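Below: the structure, in structure tokens.
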Amino acid sequence: MLIAKKKYDPKRARKFKRQYTAWLPYLTTWDAILRLMAAEGGIEYRFKPGFVLEDGVVGMCAQGKNGGIIYVHPDRFKEYATAHAERPMALASFLHQLAAHELAHLQRGGGDGHSEEFSSTREALGRATAHLVPAFAVLCASVLRLPVKESPEQSQIRELKEQLARGGAGKGRSIACGSKSPSSRRSGLPLLQMRLARPAAPSRGAAPTACGVSRRLCRCSVVTGPPTCRGLAWSGC
Ligand SMILES: [Zn+2]
């Protein structure tokens, strides 16, 4: 954890340290995202995650004693998680962009700041790991316990499963009372199983894009401005 004494309220810093365990899910999520992206992007440098408490900073990559340290500002992370609590794809997109930026610094050694070569490395890493964004959304929703709303398809599947459960119980009673009419058999368990087995029709506007993310979700994935960062030990960042 890195605390900027002159650029972060000391009272808030003390409160953060007292409630540190409450922030562990955020650190766990950040760590998992960094590890998955580093593995997919072929980054073999050692690093660990961390929190930085400094106003005006969202993420930071610094050189520690035993490898890099990739920081995220916990307040900014929580603000995004709160603002997009029902749209984890937006939160996942924000974290993906931030992680790509900081991992690119790690990959290039931090010496060239935000040069053209750095931008190329960051964008290449972003493209190589874009398919992980939906998985990051699931990860965020699960670890941070976000109140995610069901999609229409998920609601339909849940309702059909409930009907299936009720139909299963009803079938037992039907056998007990000797009901064998064709209509009752047709409208019971087998029909529901057929409906569940049938793939749901793609919803309007959810066609996949080149990056593999549905258009509807892409519209949610708006990040207001590029993430800011400042290297601690490396110049020009
Ligand atoms: Zn940077």
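Any read-out appearing in this document is the output of simple, stated calculations on the displayed coordinates, not a laboratory observation. As the structure is a prediction and not an experimental result, all values here were calculated from the model. Neighbour counts are summed over all protein chains in view; Cβ atoms, including those assigned to glycine, are modelled from backbone coordinates with ideal geometry.
So, counting K/R as plus one and D/E as minus one, what does the shell of residues with Cβ under 12 Å around E116 add up to?
With Lys, Arg at +1 and Asp, Glu at -1, the neighbours total -1.
Modelled this way, with points 7 Å down the Cα-to-C-beta line, the labels at R14 and E40 are 4.3 nm from one another. Label sites at A22 and E150, each approximated as a point 7 angstrom past Cα along Cα to Cβ, lie 3.1 nm apart.
Counted residue by residue at 0.36 nm each, then reduced by the alpha carbon distance between them, the extension gain from K48 to N66 reaches 5.6 nm. Going from the fewest other Cβ atoms within 10 Å to the most, the residues Y20, Y80 appear in the order Y20, Y80.
The GluC sites (Glu not before Pro) of region 1-83 meeting both criteria, a DSSP state outside H, G, I, E and B (loop) and at most 11 other C-beta atoms within 10 angstrom of the site's C-beta, are E44. Here the dipole of region 88-149 is about 400 debye; that uses its Cα centre as origin and unit charges on the Cβ of Lys and Arg (positive) and Asp and Glu (negative). Exposure proxy shown here: for F51, F94, the number of other Cβ atoms within 10 Å sets the order, fewest to most, as F51, F94.
Computed extension length for E116-L160: 10.5 nm, one decimal, from 0.36 nm per residue of separation with the Cα-Cα distance subtracted.
In terms of distances greater than 32 angstrom between alpha carbons, the cross-link table entries K11/K149; K6/K78; K78/K161; K17/K65; K6/K65; K7/K48 yield K11/K149; K78/K161.
So if the hydrodynamic radius of region 4-143 is defined as the Kirkwood radius over C-alpha pairs, what does Stokes-Einstein give as its diffusion coefficient at 20 °C and 1.002 mPa s, in µm² per second?
Using the Kirkwood radius from Cα pairs, D works out to 139 µm²/s.
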